[in-house]
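Worksheet: the structure to be examined is printed underneath.
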Amino acid sequence: MIAVLAAMLALWAPSPTASWQWQLSGRLDPTVDAAIYDVDLFETSARGVAGLHARGRRVVCYVSAGTVERGRPDSRRFPRRVIGRRLAGWPGERWLDVRRLDLLGPIIKRRLDLCARKGFDGVEADNVDGYANRTGFPLRARHQLRFNRFLARAAHARGLSIALKNDLDQAAALEPWFDWALSEECFRYRECDRLRPFVAAGKAAWVVEYGGRDVCPAARAAGFMAMRKRLALDAW
């Protein structure tokens, strides 16, 4: 754990009050007044990352770690034995058996290598809560903790900070390993209190709500950086 903390201290990580923009679809709009951009690993070129850096922005790569998405450049690398049920609401995306680090680890490491090679500063690893979903595999909390800690170690080894995405039930256990947190609709589902370990540790806690009431006053009071987005996660 001491080595993990030492590595994390040497990395860039977003401050709790830094503004951010999350865009995963549509043509990238580099003019949004935000300190940090969270954009797709595969769709964003090294030139695009460099362009954002030239504007004084930090850049985070979005990549799904717990699912395989049809059409990604490396999707055929995933063995059939680790591919499970469809992800509800997302055609062409299926859960992965995160117990099989022997098979998934090399693929994910290559993705993180690409993230680092393109010049990103950090990574948002999505779908890291398979144990709480119907994946088609008998995943348990301990399997998810092992997988998520693997992700954190692999990111840090490549000079990348990493966000804990949505796995709020394990936030307290994983906070020491992750550099900030990102939650979708924690206000809607009344689970924002689970982000408190990150806030208490002086780490950024990002929150996105898709419609609904204005949560900004409550988010500010809780120490979150929150915004409203469309589900498509375009530039708006």
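Things to note:
- Å² of accessible area per residue within the range 9-118, as computed with a 1.4 Å probe and no ligands counted: 53
- Between residue 17 and residue 133, the modelled label-to-label distance comes to 3.5 nm, taking each label 7 Å out from Cα in the direction of the beta carbon.
- Only one of [x] 63, 34, 26; [y] 45, 40, 39; [z] 75, 58, 34 was calculated from the structure for Cα extents along the principal axes in Å, and its label is [y].
- Around the amide H of residue 38, modelled in the peptide plane, lie the amide H atoms of 21, 22, 23, 60, all under 5 Å away and 5 or more residues distant in sequence or on another chain.
- From largest to smallest, the equivalent ellipsoid semi-axes obtained for the range 186-236 from the alpha-carbon gyration tensor read 20, 12, 10 Å.
- Report summary: the helix-based calculation at 222 nm, which adds -39500 (n - 2.57) for every DSSP H run with n ≥ 4 and divides by the residues of the chain, gives -8000 deg cm²/dmol.
- When each of the peptides 34-41, 214-221 is scored by how many other beta carbons lie within 10 Å of its residues on average, the order from highest to lowest is 34-41, 214-221.
- Ordering 64-70, 105-111 by mean Cβ neighbour count within 10 Å, with the highest value first, yields 64-70, 105-111.
- Pair residue 77, residue 149: separation of 7 Å Cα→Cβ label points (nm): 2.5
- Hz values of 3J(HN,Hα) by residue in the range 30-36 - Karplus curve (6.51, -1.76, 1.60), Gly and Pro given as x: x, 9, 5, 7, 9, 6, 10
- Distance between the range 18-87 and the range 110-134 - C-alpha centres, whole angstrom: 9
- Converting phi to 3J(HN,Hα) with the Karplus coefficients 6.51, -1.76 and 1.60 and the offset θ = phi - 60°, the range 149-162 yields 5, 4, 4, 4, 4, 5, 5, 4, 5, 9, x, 10, 7, 9 Hz in sequence order, with x at every glycine or proline.
- Computing FRET efficiency as 1/(1 + (r/R0)^6) for residue 110 and residue 46, where r is the C-beta to C-beta distance and R0 is 22 Å, gives about 0.90.
- Cα coordinate range in the range 79-189, projected on the principal axes (Å, largest first): 37, 34, 27
- Annotation: amide H of residue 207 within the under-5 Å range of 183, 225, 226, 227, sequence separation 5 or more or interchain, hydrogens built in the peptide plane.
- With every protein chain in place, the chain: carbon and sulfur % of accessible area (1.4 Å): 50
- Per-residue ³J(HN,Hα) for the range 175-191, Karplus 6.51 cos²θ - 1.76 cosθ + 1.60, θ = phi - 60°, Hz, x for Gly and Pro: 3, x, 8, 10, 8, 6, 10, 9, 10, 9, 6, 5, 5, 4, 9, 6, 10
The values are calculated or read from the model by the stated rules, or taken from the named source; none is laboratory data. Remember, it's a predicted structure, so these values are computed and weren't measured experimentally. Every residue, glycine among them, receives a Cβ derived from its backbone with ideal geometry; neighbour counts consider all protein chains shown. All accessible areas refer to the heavy atoms of the entire protein, side chains included, with ligands and DNA or RNA removed. Shrake-Rupley method; radii C 1.70, N 1.55, O 1.52, S 1.80 Å.
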